[in-house]
Amino acid sequence: MNDLPVQSLTAIATLVAALITAAVSFVSLTLTKEQKTSEFRQAWIDALREELASFLAAARAFARAVEILNTYGPDYKDKTALRISDEKVGDLRYQVAESLCKIQLRLNPNEPEHQELLRLLRRAVSEQNAMVNNKTGVEETMKAIEIASEYAQPVLKKEWERVKKGELPFRIARNWVAPAIAALSLAFIAWVLLGKFRL
């Protein structure tokens, strides 16, 4: 077996060590960045869940308030124990509109599930407006709200599954690059220890 000069072996060992160090730094940087992305995605999911809850609760309460008004007329406060002030009804309608705008800004217009969720939320608002104008009853409005609520659950779950799996660069770094670096490092150490390189 022909031995390489010590200087060549030292240079090769230094080069391999530098490459391993660079690869480890790259993996570490990728993992840190993708962990932060996952944290931001989790915060986005939490905020979307809150806005959806706010929208759905306000839409339901507003629908019930309009139902009472349509049933008993403008002097409903004298005819029913369930009293909602006019100011509160106005606040509920504003809350529905505000929450819908926030949800729209959070959703990705390029994802079909997000497009469908937004369509269902808008449909609930349309039914609500038709109810205000005495064109439909509370049943249609509440059904539209319920459909939007049921559709939102798998959308949120899908986003949560994405957080659990991690972003694609994170999965590549964790599942392929890190093990490859470990395998190459062990192979190089074994090669040196077995006498391929005599340092």
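All of the numbers you see were taken from the coordinates with simple rules; none came from a lab. Everything quoted here is computed from the prediction, not taken from an experiment. Cβ coordinates were reconstructed from backbone atoms using ideal geometry, including for glycine residues, and neighbour counts include every protein chain displayed.
At a glance:
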{"item": "Protection-proxy order for peptides 87-96, 129-138, each taking the mean of Cβ atoms within 10 Å per residue, highest first", "result": "87-96, 129-138"}
{"item": "Prolate/oblate/rounded label for segment 90-134 (Cα gyration tensor, a/c 1.5)", "result": "oblate"}
{"item": "Listed residue pairs exceeding 32 Å between alpha carbons, taken from Lys88/Lys143; Lys88/Lys164; Lys36/Lys102; Lys36/Lys143", "result": "Lys88/Lys164; Lys36/Lys143"}
